[in-house]
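Below: one structure, written as structure tokens.
The values are calculated or read from the model by the stated rules, or taken from the named source; none is laboratory data. Here the structure is a predicted model, which is why all the values come from computation and not from measurement. No Cβ is skipped: glycine too gets one built from the backbone with ideal geometry, and neighbour counts run over all protein chains shown.
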Amino acid sequence: MNHPNKEKYMRLQGLIIKEFLQIRRDPSSLGIAFAMPVFLLLLFGYGVSLDAKHVPVGIVLEKISPEARSFSAAFEHSEYFVSIHFANMKLAQQALEARKISAIIRLRSNFNRQLYSHESAPIQVIVDGVDANTARLISGYIQGTWNQWLIQFAAQRGISLTQPIMLEQRIWYNSAVRSRNFLVPGLIAVIMTLIGALLTALVMAREWERGTLEALIATPVSVTEILLGKLIPYYLLGMGGMLLSIAMAVFLFQVPLLGSLWVLLITGTLFMLVALGMGLVISIAAKNQFVAGQIAIIITFLPAFIMSGFIFDIDSMPPAIQSITYLIAARYFVAILQTVFLAGNVWGIIIPNALALLFMALFFFALALRRMPRRLE
Amino acid sequence: MSHSSAEAIFALELQAVNKQFSSGSRSVNALRSVSLTIDKGAVVGLVGPDGAGKTTLLRLTAGLLLPDTGTITVFGHNCTDQLADVHRLIGYMPQRFGLYEDLSVAENLKLYADLHGVSHSVREQRFQALMSMTGLAAFTERLAGQLSGGMKQKLGLACTLLSQPALLLLDEPSVGVDPVSRRELWSIIEHQVKANDMTVLLSTAYLDEAERCSDVILLDEGHILAHNSPAAFKQSMQGQSYRLSSPSLSNRNLQNKLSGQSDVIDAVIQGDKVRVISANKDLATLPLFNAEFEGIRIEATAPRLEDAFIALLRAQHPLTATQAISPNVKTTTVINDATVIKVEGVDRWFGNFQAVKKLNFSVNRGEIFGLLGANGAGKTTTFRMLCGLLPVSNGQLSVAGVDLSKAAAKARARIGYMSQKFSLYEHLSVLQNLNFFSSAYGLRNAQRKNRIQWALQQFELEAEKNTNSGDLPLGYKQRLAMACALMHEPEILFLDEPTSGVDPLARREFWNRTNQLAASGVTVLVTTHFMEEAEYCDRLLIMREGDILTSGTPAEIKQQVRSVDLPEPTMEDAFIQLVEAKIS
């Protein structure tokens with residue numbers, strides 16, 4: 001007779017090897033584990049950008065003067081804008097309505113006079129406000145271009161031109177202001193949710209569906225061993241997905257990693273455990289793959305996508321929604337990811353968020369262990 | 001190593017076990033105060049109609065379910081609180097074998113060896129012994145999902161035998177498995193019992209399998225109706241089993257006339273005779289002596305286990321009026337020589353694999369035509385081509401006078417098809433399923449109403465008409481599936497393993513209906529793994545690896561294997577001999 005501990009180890013090893021063999025054979029789990037992360041990273045790294053670049057703007061010069069020409073040339077040389085000249089305001093408005101341009105910059109006939117008299121702003125800006133986010137960006141960029149031109153213009157002439165308000169901004173933590181730099185780290189949380197919760201929920205439900213769990217629980221295997229037999233392989237797979245994402249972020253998208261990799265791996269482990277715990281709880285409640293998949297997408301993947309602060313800023317959400325985000329594990333991990341990547345090891349942010357993850361992991365594991373049936377009913 | 005604790009005498013003991021299941025407002029008493037003991041070394045067969053509680057009893061024994069009241073002990077270990085000890089002693093194979101289909105044969109074996117803690121020192125030797133015993137040695141690298149039904153079953157068995165369990169629990173191990181594989185399964189079980197001092201409890205729908213057991217337990221609606229040795233079951237029927245033949249009546253007619261008569265418990269076609277179970281030992285009470293049965297020949301025959309099974313169950317569930325009386329089916333003139341199905345030189349390839357090879361046969365109107373063969377012989381492929389669900393690679397197929405390559409849809413309107421899996425909408429009620437299938441066949445208004453009424457009455461589904469079809473017992477599902485296939489009154493009915501896993505009582509009802517359909521001129525094509533059912537067919541075709549092995553009437557086929565050693569071969573003997581002769 002074998003020593004009981006040795007048998008325990010043998011059973012667990014058998015379950016883990018089985019799980020890896022199944023992952024290797026099943027194209028759909030390989031797809032979720034590797035193809036989806038790469039696809040999402042490429043999509044968000046290259047395709048989706050929250051920056052405004054090459055924005056088409058219409059320029060209306062009501063009276064041509066060297067000053068007006070110089071100002072409109074500033075737009076032509078900017079990478080943020082593509083300028084189109086219109087003879088009068090009416091034509092420019094038509095183009096704005098047809099959404100051919102996103103903003104109109106109008107230099108009235110009294111541009112020169114107002115420029116030197118310091119009375120009021122000599123230019124009129126009309127921005128298409130349908131997409132509020134982009135509108136804010138565009139008006140900011142126009143303001144910036146105007147300020148820069150003004151400084152340059154004054155320096156060239158050796159005169160001083162004061163403006164009612166002169167803004168000088170410095171952006172910290174993402175000094176290039178590339179949206180990719182905060183999207184890609186946040187995406188890692190989404191990818192790990194996918195592997196941890198969705199994949200685990202699916203493979204566990206598959207055991208119910210195919211009747212293999214019935215054969216499994218009639219063997220000396222314990223519930224803890226069955227759970228560990230699922231957790232260990234998918235933990236490793238999830239961490240693999242995380243390392244892949246970090247590597248792509250740093251080497252392909254040139255996202256700076258200011259904090260330490262160890263902090264990422266340790267907090268990543270905590271988040272992975274939460275995701276796995278959720279996946280297991282879902283599969284215990286829904287014993288078929290279709291339902292388990294639907295639930296996993298609705299209660300883990302979608303919230304991680306839209307309510308974690310990964311794309312949409314939590315602070316600008318309505319208060320009711322903000323309070324819901326506290327229930328979403330991805331929120332804490334996105335905060336950690338963005339901090340560690342862009343600001344470094346800021347313990348004041350990392351520690352409270354990591355504690356929240358730890359608490360959630362313990363909660364879901366206790367629930368899974370309690371709810372995991374030891375029998376068929 | 002001793003499996004049993006000192007005081008345990010029985011391998012398995014159940015004391016006053018009750019188990020109830022409830023879903024929603026319905027609750028079912030799966031087991032009602034069941035008490036039984038099984039001796040060490042016994043091979044016990046669990047038989048009974050669908051829903052009798054066979055699977056529940058096995059799951060309780062495996063510790064997968066908890067009894068509501070009562071105790072279950074395995075070699076003295078209580079299944080409720082000594083589950084770990086029980087799991088060390090048992091090997092359990094669920095109905096679907098519990099295999100990981102995306103793992104290879106060797107990987108499945110290794111997994112179960114790990115799970116049962118089989119030490120590495122004995123492992124290799126057991127693998128080899130089991131692989132050669134099951135004939136799987138050549139397939140160790142193949143994925144379990146790509147094995148035939150018979151091979152899956154043997155692999156499932158090998159996985160449960162790895163730990164050399166003291167108590168082997170098998171839930172319907174031979175459903176959907178051909179006779180050759182079944183015979184191999186039994187030789188493995190019998191060898192294990194002798195070599196390893198194993199006790200076996202298995203449920204089965206095959207009474208010839210139950211006959212090989214040392215004890216048989218007959219369950220019905222959660223009660224034990226009888227628990228005895230097969231010999232004792234048969235002894236109780238002594239003098240009540242007869243075989244009849246009539247010079248003037250065909251077997252099917254004779255059977256029809258006899259079934260439902262008072263004092264006739266059962267009448268089935270067996271070879272060229274009709275087997276009758278009489279209600280008492282005095283033959284004179286049988287109503288055989290009027291003019292209708294002129295010249296009838298009666299011979300006494302040795303009772304089978306099935307006779308006792310039917311007699312005991314009939315006492316609990318008397319024949320209902322619809323089952324006894326021939327239903328009022330539309331009778332078309334039967335022109336016996338009219339060929340309704342003609343198959344000429346048909347091939348079917350799947351990639352490089354030829355599933356069907358140069359098939360030639362024809363079926364006449366009103367015939368019951370059986371298609372037999374081991375798993376993977378090409379029966380289902382042939383069926384699908386005949387129904388126009390799968391195009392032929394080469395050759396000609398005409399069904400109901402329509403060339404299938406030209407007008408498959410036209411032919412499909414005249415055929416009914418009932419697939420192995422029954423193809424019902426599990427979340428729809430019985431009535432909704434009937435409604436859907438009649439609308440799919442284009443039945444309207446009064447016609448639809450009439451057919452649905454006919455189906456509910458004819459197939460005795462009235463009481464369950466609002467039940468979801470997924471919640472019905474297997475026998476009911478089979479009836480509903482057959483009703484759905486008949487909604488549009490097809491000329492030809494295709495039945496693919498209609499009775500797989502269905503109990504003998506329900507099978508009889510099924511064949512009564514099928515016979516009546518044939519008598520009214522419907523042509524029936526059927527595949528089956530029950531060899532005694534092959535006897536009910538007018539003509540048979542046995543396939544092997546896509547080829548025709550032999551064809552003819554049941555009597556002609558059995559004639560081929562008749563010898564001095566085997567003067568009266570059964571259909572199963574014939575099947576196994578013919579299939580094996582071809583292999584060697």
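Being more than 8 Å from every other protein chain (Cβ to nearest Cβ) and closer than 24 Å to residue A:24 by Cβ is the filter here; which residues of the range B:119-144 pass it? Steps first, please.
As a first pass, look at the range B:119-144 and keep what is more than 8 Å from every other protein chain (Cβ to nearest Cβ): B:120-142, B:144.
Of everything in the range B:119-144, those that are more than 8 Å from every other protein chain (Cβ to nearest Cβ) and closer than 24 Å to residue A:24 by Cβ turn out to be B:120, B:123, B:127, B:131, B:136, B:138, B:139, B:140, B:141, B:142, B:144.
Does the range A:50-70 hold any residues that are at negative phi and touching a strand residue (DSSP E or B) at 6+ places or on another chain (Cβ under 7 Å), and which are they?
Looking only at the range A:50-70, we keep the residues that are at negative phi, and these are A:50-53, A:55-70.
Within the range A:50-70, A:55, A:56, A:57, A:58, A:59, A:60, A:61, A:62, A:68 qualify.
Taking the conditions (1) more than 12 Å from every other protein chain (Cβ to nearest Cβ); (2) at pLDDT 90 or above in turn, residue A:225 satisfies each one other than (1).
Only one entry in A:32, A:59 is away from every other protein chain (no Cβ under 12 Å) and at pLDDT below 85, namely A:32.
Limited to the range B:61-86, what total is found for residues that are facing chain A (nearest Cβ under 10 Å) and within 18 Å of residue B:217 (Cα to Cα)? Residues that pass the stated criteria total 2.
For residue B:57, the test of being within 16 Å of residue B:19 (Cα to Cα), at the interface with chain A (Cβ under 7 Å from one of its Cβ atoms) and either surrounded by fewer than 23 Cβ atoms within 10 Å (Cβ to Cβ) or of a type in the set (A, V, I, L, M, F, W, C) (or both) is failed. Where helices (runs of 4 or more DSSP H) sit wholly within the range B:178-239, those with at least 2 residues that are among the β-branched types (Val, Ile, Thr) occupy B:179-196.
The residues of the range B:153-182 that are surrounded by 23 or more Cβ atoms within 10 Å (Cβ to Cβ) and of a type in the set (Lys, Arg) amount to a single one, B:154.
Within the set B:58, B:65, B:36, the sole residue that is part of a loop (DSSP other than H, G, I, E, B) and over 22 Å from residue B:195 (Cβ atoms) turns out to be B:65.
Figure legend. Inter-residue proximity from the range B:450-471: first residues in the same structural domain as residue B:435 (by TED's automatic domain parsing) and part of a loop (DSSP other than H, G, I, E, B), second residues aromatic (Phe, Trp, Tyr) and crowded, with 18+ Cβ neighbours inside 10 Å, beta-carbon distance below 9 Å, spacing 6+ or different chains. Indicated pairs: B:459/B:476; B:460/B:476; B:461/B:476; B:467/B:476. State yes or no: is residue B:222 in contact with a helix residue (DSSP H, G or I) (Cβ under 9 Å, 6 or more places away or on another chain) and either modelled with pLDDT under 90 or under 24 Å from residue B:530 (Cα atoms) (or both)? No.
Here B:89, B:103 are screened, and the one residue that is hydrophobic (A, V, I, L, M, F, W, C), more than 8 Å from chain A (Cβ to nearest Cβ), surrounded by fewer than 24 Cβ atoms within 10 Å (Cβ to Cβ) and touching a residue at least 12 places away in the same chain (Cβ under 8 Å) is B:89. Please verify whether residue A:195 is touching a Pro at 6+ places or on another chain (Cβ under 6 Å) and modelled with pLDDT of 80 or more, treating the condition exactly as stated. Criteria not met by residue A:195. Mind checking which residues of the range A:331-377 are outside any helix (DSSP H, G or I) and in contact (Cβ under 8 Å) with a residue 60 or more places away in the chain? Within the range A:331-377, A:343, A:344, A:345, A:346, A:372, A:373, A:374, A:375, A:376 qualify.
Just wondering, is there one or more residues in the range B:117-131 that are more than 28 Å from the chain's Cα centre (by Cα), surrounded by 22 or more Cβ atoms within 10 Å (Cβ to Cβ) and over 14 Å from residue B:201 (Cβ atoms)? Within the range B:117-131 (the criterion being more than 28 Å from the chain's Cα centre (by Cα), surrounded by 22 or more Cβ atoms within 10 Å (Cβ to Cβ) and over 14 Å from residue B:201 (Cβ atoms)), the answer is yes, since at least one residue qualifies. Selection over the range B:9-33 of residues that are within 14 Å of chain A (Cβ to nearest Cβ) and not in a strand (DSSP E or B) gives a count of 0.
For the range A:305-330, give me each residue that is assigned to a loop (DSSP other than H, G, I, E, B) and farther than 26 Å from residue A:43 by Cβ. It would help to see each step written out before you state the result.
From the range A:305-330, those assigned to a loop (DSSP other than H, G, I, E, B) are A:307-313, A:317-318, A:326-328; that's our starting set.
Scanning the range A:305-330 gives A:318, A:326, A:327.
Determine which member of the set A:110, A:133 is over 14 Å from residue A:75 (Cβ atoms) and modelled with pLDDT of 80 or more. Even if it seems obvious, please write down each step before you answer.
On the way: A:133 fails: modelled with pLDDT of 80 or more.
Matching residue, one of A:110, A:133: A:110.
Can you confirm whether residue B:448 is farther than 16 Å from residue B:495 by Cβ and touching a Gly at 6+ places or on another chain (Cβ under 7 Å)? No, not satisfied.
Given the residues B:425, B:417, B:476, which is the only one that is part of a helix (DSSP H, G or I), of a type in the set (Ser, Thr, Tyr) and within 30 Å of residue B:399 (Cα to Cα)?
On the way: B:425 fails: part of a helix (DSSP H, G or I); B:417 fails: part of a helix (DSSP H, G or I).
The match here is B:476.
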